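These notes concern the structure reproduced below.
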Amino acid sequence: MLFDDNPPPKLIGIARLAASSGVLEAKRKVEYLELETRRFIGRGSGRMRSIYTVNPYRGCEFGCKYCYARYAHEFMELRDPELFERKIYAKQFRSAAFRDELRRLKSGDTVWIGTATDPYQPAERRFNVTRGMLEAFAEQGGLDIGITTKSDLVARDAVLMTRVARRSRIRVHLTITTLDERLARLLEPLVPRPALRLAAVAKLAEAGIPVSVLAHPVMPLINDSEASLDRVCQAAARHGATSFSAAPLFLMPCAYKVFLPFLERSFPHLVRRYRERFEKSPYLKGHYPEMIAERVEKIRTRHKMERRREPEWPAPPFQEDQLELFPQLAKAPGSSSLDEDATLHRKVIRL
Ligand code: SF4
């Protein structure tokens, strides 16, 4: 554990705001809280610097075992990685403030919604923060908007997205890691079934919204076979998606802490191999990434799918408010990778 031997750090910035948030509602084991936000639109870092990011929620109830965004809760001094899926912060949406921020963007700017948590997770059914933001996007022209989600709830906003599309480019990226429902349930316990996600692809495509299907992350010996990836791509094409991507798993320390116990329970025969591969680095190195890239290219060609236009995996890390609240981060040179950023974030929280 990173912090066990240290005295509790003084809460600053987002951690202080999180600690003082009011409970909105408790449902099952999940607690919803409201989080004040000074800025709704942030920026990616490093090579993703030109991209603006929007994340309506912090934490994600979907609870994917490989989720790399769990460290976002460490900003708020929530060190147990499982709290990421049980303590969900809905950003207090202030429509006028959001519209002001939007007006400061330039024509042609790229905005990515859902870089760190799912914008259509269950909380959206009640709080409608994503929907409120899309209403504002519909009034603003000239942007290049991408939405990343694993939820079929995204199809609820198909009509609204057609309004956005009159003035901006908009594309939805729906993640489907496998068509095997049992495997999906193990890996992504509360995510809607793959069949529901495919139905959402079809609804969006029928409405004229371009859809990419992502099979991220590709996990060695779990969902990486050519047959498995091919099934996802083929189904995506049949349901109207126009592009397909898949890239290998990476496991940051906070994700590793959840993924390894999961493997021990569900895939004990793989534990040794995963330990060997991920103990030294969060990224898979060597031949494997190249092999997956070639496999995906072959599958894409077979089904006449395009490569995803937007920046590739991994997505820009959770930056937005932190850059403002922790100015040290904004100045940190070369913070171009997720693990570097996570290390810097932890340092800042220790101050
Ligand atoms: S849907 Fe995305 S943000 Fe939510 S738990 Fe899964 S990987 Fe994490």
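A few comments on the model shown:
- Here the simple spin-label model places points 7 Å from the Cα toward Cβ, and for Asp230 and Thr301 these points are separated by 1.4 nm.
- The calculated FRET efficiency for the pair Ala195 and Arg167, based on their C-beta separation and a Förster distance of 35 Å, comes to about 0.60.
- The length gained by stretching the chain between Arg126 and Glu34 to full extension, at 0.36 nm per residue less their Cα-Cα distance, is 31.9 nm.
- Neighbour net charge for Thr162 - beta-carbon separation under 15 angstrom, K R +1, D E -1: +4
- Gain on full extension, evaluated as 0.36 nm per residue between Ser95 and Arg185 minus their Cα-Cα distance, stands at 28.8 nm.
- Simple label model, 7 Å out from Cα along Cβ direction - Val271 to Ser50, nm: 4.6 nm
- Sparsely packed loop sites in the range 92-157 (the trypsin sites (Lys or Arg not before Pro) outside DSSP H, G, I, E and B with at most 14 other Cβ atoms within 10 Å) comprise Arg94, Arg104, Lys106.
- In the range 191-289, GluC sites (Glu not before Pro) in a DSSP loop with at most 12 other beta-carbon atoms within 10 Å: Glu279
We did not get these values from a lab; they are worked out from the coordinates using the rules stated. If you're wondering where the values come from, they're calculated on a predicted model, not measured in any experiment. Positions of Cβ are generated from backbone atoms using ideal geometry, with glycine treated the same way; all protein chains shown enter the neighbour counts.
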